[in-house]
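The values are calculated or read from the model by the stated rules, or taken from the named source; none is laboratory data. Just so you know, these numbers come straight off a predicted model, no measurement behind them. Counting neighbours? That spans all protein chains shown, and the Cβs are built from the backbone with ideal geometry, glycine included.
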Amino acid sequence: MNLQEKEQQIIDAFAVFDDWLDKYGYIIDMGKELPAMDSRFKTNENLVETCQSRVWITAEKREGRLYFLADSDALISKGVISMLVKIVSGETPEDILNADLRFLKKIGLIEHLSPARVNGLAGMIQRIQDIAKQNISA
């Protein structure tokens, strides 16, 4: 499944819900499905600086593709990073850097997050893009 197909899968899942309380519940559920991150990866180097909650993101490169690990100490942030990881994990660094992450706008997430959480989301995306840039020629 390519990046756009993974995005469409999330867009379709959100279309089922009419109410944002239900959508937040779904985001939280997605966070609960995020595989546990080993504590050895919860370092300052992997910490997203702009989040008001603590969010860690790291990746491993295998056969030219990046596989992300992430975690957060806050339910909504963990759900948001879970969605991002689901989209970008298994993709090439080039595809990650070219991704527009249109699903965030399509599901209306940005309009329903507090300014602090939007800032945190931007930090998560920046961290993912930084990891992709570091691995583009590696």
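Hey, can you tell me all the residues within region 103-123 that are in a helix (DSSP H, G or I), in contact (Cβ under 8 Å) with a residue 24 or more places away in the chain and of a type outside the set (Phe, Trp, Tyr)?
Once the filter is applied, which keeps residues that are in a helix (DSSP H, G or I), in contact (Cβ under 8 Å) with a residue 24 or more places away in the chain and of a type outside the set (Phe, Trp, Tyr), region 103-123 yields 106, 112, 116, 117, 119, 120, 121, 122, 123.
Looking at (1) in a loop (DSSP other than H, G, I, E, B); (2) modelled with pLDDT of 95 or more, find the lone condition where residue 100 falls short.
Failing condition for residue 100: (2).
Identify, from the list 131, 136, 81, the residue that is under 21 Å from residue 26 (Cα atoms) and out of contact with any Cys (no Cβ under 6 Å at 6 or more places or on another chain).
81
How do the pairs read when you match residues in region 27-47 that are in a helix (DSSP H, G or I) with residues anywhere that are hydroxyl-bearing (Ser, Thr, Tyr), using Cβ under 6 Å and keeping only pairs 6 or more apart or on different chains?
Once the first residue is in a helix (DSSP H, G or I) and sits in region 27-47, its partners that are hydroxyl-bearing (Ser, Thr, Tyr) give 30/82; 31/82; 41/58; 46/58.
Output the residues belonging to region 85-114 that are of a type in the set (A, V, I, L, M, F, W, C), crowded, with 16+ Cβ neighbours inside 10 Å and closer than 19 Å to residue 14 by Cβ.
Residues satisfying the conditions are 85, 87, 88, 99, 101, 103, 104, 107, 109, 113.
Specify the residue that is surrounded by the fewest Cβ atoms within 10 Å (Cβ to Cβ); the eligible residues are those in region 28-71 that are within 22 Å of residue 93 (Cα to Cα) and out of contact with any strand residue (DSSP E or B) (no Cβ under 9 Å at 6 or more places or on another chain).
63
Report yes if residue 74 is at negative phi, in contact (Cβ under 8 Å) with a residue 24 or more places away in the chain and surrounded by 14 or more Cβ atoms within 10 Å (Cβ to Cβ), otherwise no.
no
When you scan region 85-94, how many residues do you find that are of a type outside the set (A, V, I, L, M), outside any loop (DSSP other than H, G, I, E, B) and closer than 17 Å to residue 127 by Cβ?
3
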